[in-house]
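Undergrad: Got a structure here, written out as structure tokens. Questions coming.
Just so it is clear, none of the values below were taken in a lab; they were calculated from the coordinates. Everything numeric in this text was worked out from a predicted model, so none of it was measured. Cβ: placed from backbone, ideal geometry, glycine included. Neighbour counts: every protein chain shown.
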Amino acid sequence: MISSLRLDNVDLSFGKKQILSNVNFTCNTGEILAIFGRNGSGKSTLLKIMFGTLKPNKIELYINNNKIEKISTKNKLIAYLPQTPFLPRDITVRRIISMYFSDGETLDKIFYSPLINKIECQKFGTLSLGEQKYLEFLLIINLSHPFILLDEPFAMLEPLYIESIKDILTKSKNNKGIIITDHYYRDVFEIANKKIIIKDGVSHEIINLNELSDYGYIPLRG
């Protein structure tokens with residue numbers, strides 16, 4: 001059973017600009033790991049590295065303490081929700097869901113998810129950005145991959161969608177390891193078991209909201 005992901009010594013630079021220099025963390029199934037950092041700190045870049053679509057200068061990735069020599073999207077260990085929509089615009093929601101899944105249990109789980117019934121007959125391109133992101137989230141979180149990367153899943157969503165996603169994530173972590181980055185830091189803090197912040201290319205473990213101020217992510221409190 002796959003139960004542990006460990007990332008060590010991630011290093012990435014673009015020319016003379018150092019983006020990531022010393023990022024380390026562990027995420028186990030049953031956990032939600034939150035990654036915080038200001039815009040440009042390398043959060044999205046880090047997720048792309050882990051997913052295998054961006055090659056760093058250096059990385060050590062371990063699954064169940066076994067080093068992964070080549071990170072690939074084909075190994076079906078890590079699924080990734082990017083910030084920008086990726087589904088075809090001219091296909092209906094119902095057909096898209098059926099393209100992703102064939103087993104009845106998963107299909108029912110998605111079709112009967114909150115807020116899906118009102119959009120299932122619409123084409124993806126006609127949905128609002130929030131509806132698009134919510135649908136893509138449902139597809140990614142229901143994949144069989146043991147580890148899920150979520151890049152700003154709450155952005156542009158109405159509160160009703162955010163609460164639904166938080167509820168689904170809390171239930172899904174029972175058999176998955178979830179890594180999330182989002183500027184809705186209060187919502188993320190509410191559901192995350194572990195938190196780190198990236199500053200100047202280095203990861204730091206944090207425990208409470210006040211530390212987000214200490215690292216300059218949010219304004220100092222009076």
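Undergrad: Taking the Cα centre of region 72-157 as origin, sum charge times position over the Cβ atoms of Lys and Arg (+1) and Asp and Glu (-1), and report the length of that vector in debye to the nearest 20. Could the numbers behind the result be given before it?
TA: On the way: 9 positive and 9 negative charges, 36 e Å.
With Lys and Arg at +1 and Asp and Glu at -1, about 180 debye.
Undergrad: Grab the beta carbon distance between MET99 and GLU211, set R0 = 25 Å, and tell me the FRET efficiency rounded to 0.05. Could you put the intermediate results ahead of the total?
TA: Details: r = 43 Å, r/R0 = 1.71.
The calculated FRET efficiency here is 0.05.
Undergrad: Let me know the shape class of region 87-191, please: from the alpha-carbon gyration tensor, a ≥ b ≥ c as square roots of the eigenvalues, rounded when a/c is under 1.5, otherwise prolate if a/b is greater than b/c, or oblate.
TA: Numbers: a/c = 1.87, a/b = 1.28, b/c = 1.46.
Here region 87-191 falls in the oblate category.
Undergrad: Just to be sure I understand the rule: take each whole DSSP H helix in the chain, project its Cα atoms onto its long axis, keep it if the span is 15 Å or more and its mean Kyte-Doolittle hydropathy is at least -0.5. Which ones pass? Write down the numbers at each step before the final one.
TA: Numbers: long enough: 129-141 (18 Å, 0.84); 159-172 (19 Å, 0.08).
The answer, listed by residue number, is 129-141, 159-172.
Undergrad: Only one of the listed values, (1) 38, 23, 13; (2) 39, 19, 16; (3) 29, 21, 17, was derived from the coordinates as semi-axes √(5λ) of the Cα gyration tensor in Å; which label is it?
TA: (3)
Undergrad: Students often get this wrong: which residues of region 10-27 have the backbone nitrogen under 13 Å from the point 7 angstrom along Cα-to-C-beta of ASN57?
TA: Label zone hits: 10-23.
Undergrad: Quick one: check the C-alpha center-to-center distance for region 87-112 versus region 1-51, whole angstrom.
TA: Distance between centres, Cα-based: 30 Å.
Undergrad: Next question, about the same structure. Let me make sure I get this right: for region 48-111, a, b and c are the square roots of the gyration tensor eigenvalues over alpha carbons, sorted descending. Under 1.5 in a/c it's rounded, otherwise prolate if a/b > b/c, else oblate. Which is it? Walk me through the numbers on the way to the answer.
TA: On the way: a/c = 3.76, a/b = 1.87, b/c = 2.01.
Oblate.
Undergrad: Need one word for region 118-159: rounded, prolate or oblate. Basis is the Cα gyration tensor (sqrt eigenvalues a ≥ b ≥ c); a/c below 1.5 gives rounded, then a/b vs b/c decides. Don't skip to the end; give the middle numbers.
TA: Values: a/c = 2.77, a/b = 1.46, b/c = 1.90.
The shape class here is oblate.
Undergrad: Nearest-5 percent of antiparallel DSSP beta bridges in the chain? Walk me through the numbers before you get to the answer.
TA: Working: 21 of 39 bridges.
That works out to approximately 55 percent antiparallel.
Undergrad: Students often get this wrong, so check it: of LYS67/LYS171; LYS109/LYS199; LYS118/LYS194; LYS16/LYS166, which have C-alpha atoms separated by over 32 Å?
TA: Details: LYS67/LYS171 29 Å; LYS109/LYS199 39 Å; LYS118/LYS194 35 Å; LYS16/LYS166 39 Å.
Going by Cα-Cα distance, LYS109/LYS199; LYS118/LYS194; LYS16/LYS166 fall outside the 32 Å limit.
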